[in-house]
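Notes for the one structure printed next.
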Ligand code: SF4
């Protein structure tokens, strides 16, 4: 299919924005891969905080992820913990310093100010359009979507209304979910059709 001038313009805008975002990421003192890995660990749920899920999310190699994680560990931003079910596997966690580091640097990047010019519906449309472009790229590369739990086909909202802490449920993993869990991203996320 031939690209329209609008599609070309959109590509150009995303490319420039991507470059500016990467420049800002270097200003954190981390390289973009380290920054992205840290942001992922701050957003993912408890079944997705593993080196293999992070490798799939970033679409890179195990070796690169291992170097990235070692660098973040040296900077005391994350720590690794052996999994109780299988001590050969590790889960990844942000340290207190890591959480503060993310908060401080994310608050410097004020993307909400320009977006405030739009209504909530318009903002949802912008999010939808960018997500559609991203999903098309992921499909091309056979990458997982890592969508938000609440939009997953396995997500069962208000499964147990009597339980205020974990009213929702995951039909795939058979685990109850809280309101916080439903906002997190997941390696097992399945698009609803
Ligand atoms: S409902 Fe989907 S996204 Fe949520 S925990 Fe289960 S598999 Fe992951």
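Some notes on this structure:
- Consider the stretch 55-70 and keep the residues that are part of a helix (DSSP H, G or I) and without any contact (Cβ under 8 Å) to a residue 24 or more places away in the chain. The one that is nearest to the ligand (Cβ to nearest atom) is 55.
- The one condition in (1) touching a helix residue (DSSP H, G or I) at 6+ places or on another chain (Cβ under 6 Å); (2) modelled with pLDDT of 95 or more; (3) under 22 Å from residue 146 (Cα atoms) that residue 62 fails to fulfil: (2)
- Residue list for the stretch 152-193, restricted to those being assigned to a loop (DSSP other than H, G, I, E, B), within 20 Å of residue 128 (Cα to Cα) and either near the ligand (Cβ under 7 Å from one of its atoms) or without any contact (Cβ under 8 Å) to a residue 60 or more places away in the chain (or both): 153, 183, 186, 189, 190, 192, 193
- Only residues that are over 30 Å from residue 75 (Cα atoms), assigned to a helix (DSSP H, G or I) and touching a helix residue (DSSP H, G or I) at 6+ places or on another chain (Cβ under 8 Å) were counted across the stretch 100-126, and they come to 3.
- Of all residues in the stretch 134-157, none are in the same structural domain as residue 29 (by TED's automatic domain parsing) and more than 20 Å from the chain's Cα centre (by Cα).
- Enumeration of residues in the stretch 40-54 that are touching a helix residue (DSSP H, G or I) at 6+ places or on another chain (Cβ under 9 Å) and either part of a loop (DSSP other than H, G, I, E, B) or exposed (fewer than 14 other Cβ atoms within 10 Å of the Cβ) (or both): 45, 46, 47, 48, 49, 52
- Selection from the stretch 139-149 of residues that are exposed (fewer than 15 other Cβ atoms within 10 Å of the Cβ) and touching a residue at least 24 places away in the same chain (Cβ under 8 Å): 141
The values are calculated or read from the model by the stated rules, or taken from the named source; none is laboratory data. For clarity, every value in this text was computed on a predicted model and none was experimentally measured. As a convention, Cβ positions derive from the backbone with ideal geometry for all residues, glycine included, and neighbour counts pool all protein chains shown.
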